[in-house]
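K.L.:
One structure coming up, written as structure tokens, with questions to follow.
The values are calculated or read from the model by the stated rules, or taken from the named source; none is laboratory data. On a predicted model such as this, the values are computed, not experimentally measured, just so you know. Backbone-built Cβ (ideal geometry, glycine too); neighbour counts: all protein chains shown. Accessible surface is based on the protein model in full, side chains and every heavy atom, while ligands, DNA and RNA are left aside. Shrake-Rupley method; radii C 1.70, N 1.55, O 1.52, S 1.80 Å.
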Amino acid sequence: EQSQKDPLPPQEQRAVQLIYEDFAMEGADLNEADKKRYAEINQELSRLYTTFSNNVLAEEENYVVFLNEDQLSGLPDSFVKAAAKAAADRGEEGKYAVLNTRSSMDPFLTYSDNRELRKKVWTNYYSRGDNNDEYDNKDIIKEILKLRDERVELLGFENYAQWRLQNRMAKNPENAMELMEAVWPAALARVEEEVADMQALAKAEGKDITIAPWDYRYYAEKVRQQKYDLESNEVKQYLQLDKLTDALFYTASEVFN
């Protein structure tokens, strides 16, 4: 209030405004009854978020695909070594484990020549929390959405998206949707071009298949090699952490002095 009557220097005025908005967005202007309910919702959401994450972690542990040596076709040595260690850590010495995590799933889908195994690994990963078991997240998602809406209604918003976007670049859900709908046709057309290239390559190899989600990374890599003579695995040697860190600081120094 004081800064509205007697404005501060621009940077300080902006800082005060942002801090005030942060407090207001978290319910500081509510009456006591609404503050109490807001706090209860936050507590319940915190519990649900934790349960959600724990369920995903449990599904990652429960769905491990173990391979034999004759199922390693196409996989790079670096992946095979990591998979052997992962299997040994799980008491399966002599086998190779594809874990239900992005860091394991992604390279497996990119390089494995075994289509059925690619389908199994893809299905495991993209159904985490959606297997109708004790770790299923569907009901938890419903509870989270209801509580989010109730919480922002206390603040006078119609829905969670309005609250979330007010201090983001989009400002409101309508702008966000307008951008997505403007981008979507071009993005879809590009994907269709990519899949057409993959389909043509599969046909040239004599494969009688229709490109499916578990084929996408595999054939994208093949198209990349064919069109651009670029193999993703070869690029990794230039992406060591220390070099990336040096590049990050160099860029920050150049941009921000």
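K.L.:
Leaving out ligands and nucleic acids, note down the accessible area per residue over the chain with a 1.4 angstrom probe, in whole Å².
P.N.:
Dividing the accessible area of the chain by its residue count gives 68 Å².
K.L.:
Now, a different point. Non-local amide H neighbours of residue 96 (under 5 Å, H modeled in plane, Pro and chain starts lacking H): which ones?
P.N.:
Amide H neighbours of residue 96: 67.
K.L.:
Something else: Return the calculated 222 nm mean residue ellipticity for the chain, to the nearest 500 deg cm²/dmol, obtained by summing -39500 (n - 2.57) across DSSP H runs with n ≥ 4 and dividing by the residue count.
P.N.:
Per the formula, -22500 deg cm²/dmol.
K.L.:
I would also like to ask the following. Please report, in cubic angstrom per residue, the volume enclosed by the convex hull of the alpha-carbon atoms of region 109-165.
P.N.:
104 Å³
K.L.:
May I ask you to list the trypsin sites (Lys or Arg not before Pro) in region 114-215 that are in a DSSP loop and have at most 15 other Cβ atoms within 10 Å of their Cβ?
P.N.:
Those that pass, being in a loop and sparsely packed, are 168, 171, 207.
K.L.:
Using DSSP to define loop residues, name the GluC sites (Glu not before Pro) in region 171-255 whose beta-carbon has at most 15 other beta-carbon atoms within 10 Å.
P.N.:
Within region 171-255, the qualifying GluC sites (Glu not before Pro) (loop, at most 15 other Cβ atoms within 10 Å) are 205, 231.
K.L.:
Considering the values [x] 12.4; [y] 18.6; [z] 21.1, which represents mean projected area of the Cα convex hull in nm² as calculated for the structure under consideration?
P.N.:
The value computed from this structure is option [z].
K.L.:
Starting from one equal scatterer on each C-alpha and no solvent at all, send me the Debye-based log10 I(q)/I(0) for region 197-257 at q = 0.14, 0.17, 0.27 Å⁻¹, two decimals.
P.N.:
-0.59, -0.69, -1.05
K.L.:
Here is a follow-up. Largest first and in whole Å, what are the equivalent-ellipsoid semi-axes of region 36-143 based on the Cα gyration tensor, each being the root of 5 times an eigenvalue? Don't skip to the answer; put the middle values down first.
P.N.:
Values: eigenvalues 236, 36, 24 Å².
They are 34, 13, 11 Å, listed largest first.
K.L.:
Kindly sort 197, 6, 229, 77 by accessible area of their heavy atoms, largest first, with the probe set to 1.4 Å.
P.N.:
If we order 197, 6, 229, 77 from most to least accessible, we get 229, 77, 6, 197.
K.L.:
So what's the angle, to the nearest 10 degrees on a 0 to 90 scale, between helix 32-62 and the longest Cα principal axis of the chain?
P.N.:
So the helix axis and the longest Cα principal axis differ by about 10 degrees.
K.L.:
Please sort by residue number the GluC sites (Glu not before Pro) in region 55-152 whose DSSP state is loop and whose Cβ has at most 14 other Cβ atoms within 10 Å.
P.N.:
Of the GluC sites (Glu not before Pro), the ones in loops of region 55-152 whose Cβ has at most 14 other Cβ atoms within 10 Å are 93, 134.
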